[in-house]
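Heads up: the structure comes next, in structure tokens.
The values are calculated or read from the model by the stated rules, or taken from the named source; none is laboratory data. Everything numeric in this text was worked out from a predicted model, so none of it was measured. All Cβ positions, glycine included, derive from the backbone under ideal geometry; neighbour counts span all protein chains shown. Keep in mind that these areas ignore ligands, DNA and RNA; they rest on the heavy atoms of the full protein, side chains included. Shrake-Rupley method; radii C 1.70, N 1.55, O 1.52, S 1.80 Å.
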Amino acid sequence: MRGGQCTAWAPVLQFTNCRILRGGVLLREDLWVRGGRILDPEKLFFEERRVADKQRDCGGCILAPGFIDVQINGGFGVDFSKATEDVGSGVALVARRILSHGVTSFCPTLITSPPEVYHKVLPQISVKSGGPHGAGVLGVHLEGPFISHEKRGAHPEAYLRSFEANAFHDVLATYGPLDNVRIVTLAPELGRSHEVIRALTAQGICVSLGHSVADLKVAEEAVQSGATFITHLFNAMLPFHHRDPGIVGLLTSDQVPPGRCIFYGMIADGIHTNPAALRIAHRAHPQGLVLVTDAVPALGLGNGRHTLGQQEVEVDGLTAYVAGTKTLSGSIAPMDVCIRHFLQATGCSVELALEAASLHPAQLLGLEKTKGSLDFGSDADFVVLDDTLHVQATYISGELVWQAEKAGP
């Protein structure tokens, strides 16, 4: 019921007594939904002479676009980098559980793995619309194995790869078909990387720079070849230096092609990035900031030993380490917690904090016409929040898919 006359006859929902995030501003307006999309009420009144079939009082809450997580390695005991016979059920479990955190779409992320893992796991993850069953799957994020040995972080060294003579064929041999792949993180200093970047972007795949020792010149050349994203800024890359700021320098580079926006992921969990670094990045380039969780399978499970891909992870309080080391291994903070921490750490506006988890990732993936906003015609994926940005309810295609106990609409 998303097009044509069928949609015209679908019931009209009117969400009242709310502040909606639209155009970077919280507006005291009602939100109108029909057939799974945001509706222009003026057309409804003046062209169709109709009113709402149902009204829902939101109790003064904020209505923001549904959150989009483009880097999540698993959660609730599910490891996306683990080759099992039923990967799909694990993805479905995570998709269902993240609804309570306001996430309506996500990119399941695989870390560096041997080729046989990619060949077994990737065919089992389908791009899928969200609904009562869980958040939508936008495609897979492949983080590695074409990354730096020196900046591998929690990625297992034994499975790291470089590009061979037939670079893109090596990528296909490693991953298998790329039909459901949305993002690939690679180190741009690897030989033949620009050939790979051009081939991936020609297929509509977003290329992200990360786990890298690239200097600024190499990073700029990668952007000129088509890269548009930076994986977890500041983490697993050369530190900022005033004579060569490295990948971090892309935030203010004058070598970015005209009209191109460089986006960068930030893990605002209070562990991965110092608040001062969050403020520096935000003030340097606010429109490119994309909040990511980088959540690991231990998300929602508490202290103890868990897995991430081919190795063990130990959770102690709010921190996840590669077992037996002090190397950080992803995050255990869900998206709504990251948004609240980012807001508190940077002192930015509520609007910008919410857009960093919705509009910006949608723009990164080229989905801004349907996701990441409450503009007329967009998908009616949205989250109901109280003034402290705690999730009260989550909607996908205008349908209630999760609600806090004793919450409003």
Exercise. Sorted by accessible area with a 1.4 angstrom probe, largest first, how do ASP40, ASP254 fall?
Worked result: ASP254, ASP40
Exercise. So, in nm, how far is label VAL256 from label GLU85 when the simple model puts each one 7 Å beyond its Cα toward the Cβ?
Worked result: 4.8 nm
Exercise. Considering only the other residues whose Cβ falls under 13 Å of the Cβ of SER373, what net charge follows from Lys and Arg at +1 and Asp and Glu at -1?
Worked result: -2
Problem set entry | Extended-chain gain in nm, criterion 0.36 nm per residue less alpha-carbon gap, ARG96 and HIS149 | 15.6 nm
Exercise. Protein chains only, probe 1.4 Å: how do THR327, THR104 rank by accessible area, largest first?
Worked result: THR327, THR104
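Tell me the per residue accessible area of the chain using a 1.4 Å probe; a whole number in Å² is fine. List each step's numbers first, then the result.
Numbers: 16340 Å² over 409 residues.
Accessible surface, normalised per residue, equals 40 Å².
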For this session: Note down the net charge around VAL315, summing +1 for each Lys or Arg and -1 for each Asp or Glu among other residues with Cβ under 15 Å from its Cβ.
Result: -4
Seminar exercise, completed: Two pseudo-spin positions, 7 Å from Cα along C-beta at ARG198 and at THR388, lie apart in nanometres by 5.4 nm
Problem set entry | Percent accessible area from carbon and sulfur atoms, the chain, protein chains only, probe 1.4 Å | 51 percent
Seminar exercise, completed: Among LYS369/LYS406; LYS54/LYS128; LYS54/LYS406; LYS43/LYS369; LYS217/LYS371, the pairs whose Cα-Cα distance exceeds 22 Å are LYS369/LYS406; LYS54/LYS128; LYS217/LYS371
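What do you reckon, how do VAL127, VAL103 stack up by accessible area (1.4 Å probe), largest on top? Intermediate results must be reported in sequence, preceding the final value.
Working: VAL127 90, VAL103 5 Å².
From most exposed to least exposed: VAL127, VAL103.
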